[in-house]
1. Going down the list 153/253; 55/140; 55/138; 30/138; 30/55; 125/153, which pairs span over 20 Å between their C-alpha atoms?
2. Fully extended, how many nm does the chain gain between residue 94 and residue 150 (0.36 nm per residue separation, minus their Cα-Cα distance)?
3. When 178, 65 are ordered from fewest to most other Cβ atoms inside 10 Å of their Cβ, what list results?
4. Could you calculate the FRET efficiency of residue 75 with residue 37 from 1/(1 + (r/R0)^6), where r is the beta carbon distance between them and R0 is 25 Å, rounded to 0.05?
5. Tell me the label-point distance for the pair residue 223, residue 239, using the 7 Å Cα-to-Cβ offset, in nm and rounded to one decimal.
6. Extension gain residue 132-residue 102, at 0.36 nm per residue separation less the Cα-Cα distance, in nm?
7. Along Cα→Cβ, 7 Å out, is where each label goes; now give me the distance between the ones at residue 178 and residue 209 in nm to one decimal.
8. Give me 262, 37, 135 sorted ascending by neighbouring Cβ count inside 10 Å, so fewest comes first.
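Since every read-out is calculated from the coordinates, none of them should be taken as a lab result. Because the structure is a prediction, the values reported are computed rather than measured. Cβ coordinates were reconstructed from backbone atoms using ideal geometry, including for glycine residues, and neighbour counts include every protein chain displayed.
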Amino acid sequence: MKVAVYFLLLMVTMMHYNITYNTIDTTTNKYVIGSLSAGLFSSFLGVVNHLVFCKQNNLVPVVYWDNQSLYFDKNANNTNNNVWEYYFEPVSHLAYETGDLIHRSFSSEAGAPSYYFSNRELVCKIVEEYIHVKSHIKNKVDQFYEKYMHGKKTIGIHLRGTDKIPALPSLHRENMPWEELFKLVNSYEDHQFFIATDEQELLEKAKESLKGTVIYSDSIRSTNSSSLHHGNAIINKAQIGEQAVIDVLLLAKCDHFFASYSNLSFAVIYFNQNIPYTQIYEAITTK
């Protein structure tokens, strides 16, 4: 039921992406997966779809996110200008070469399903096999965990704001029964709360309302409800992406996860197949 509801709402958010399908180059087993001009974990879950397709069709995947990625930074410490490798290791022994066909769709080939919507176990196996976080990011995650989370019961909460609000008008901040959310979360006694959010206002609301220690990563957050990954050339987009990856991995280490209608929340439950989770809006509007 949770996945079905996710599917319906997230399909609305995907409608504005320019999805095209390419034919597979049958002269080689190399299959290059590109980035969408979308949020980091929209592109990430697109990669997951293509990785499943490659696995099922004996293709050798290569992930190459070029300057079409919203997180591209020409000054990033990455010699091949591949945004994927800002955060993750290569998924195979092959690499992108100029002229390779790049598959930039969210789903894989025409008619193929979006695998991650319907099969958590399958996707978790694909993530475990192919997707390995860069060591410098893992070190930051481990340091935060040891300092703030080790030995403590922690509830993870993803509060997605900014551009998700107009994408899903029914979830507009004025319509969200915040008091019900925090009442529900506060029923977890003897827990602390890890908050991941892209919006400073939502973090402050959580800090004011939660009855327990509130922890959060040191991240850049929107202060005006505008998305961080669209526009605003001043912000270091590569850093914004790294912060999102760190939040996903920390949420995946929590004892229970409260998820937003967001691809970042999806990623959390695929990095930890066993984490119990609650969909926030569904939980507080179907009582």
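1. 55/140; 55/138; 30/138; 125/153
2. Result: 16.4 nm gained on full extension.
3. 178, 65
4. So the FRET efficiency works out to roughly 0.80.
5. Here the answer is 1.4 nm between the modelled labels.
6. So the extension gain works out to 8.7 nm.
7. For the pair residue 178/residue 209, the computed spacing is 0.6 nm.
8. So the residues, fewest neighbours to most, are 135, 37, 262.
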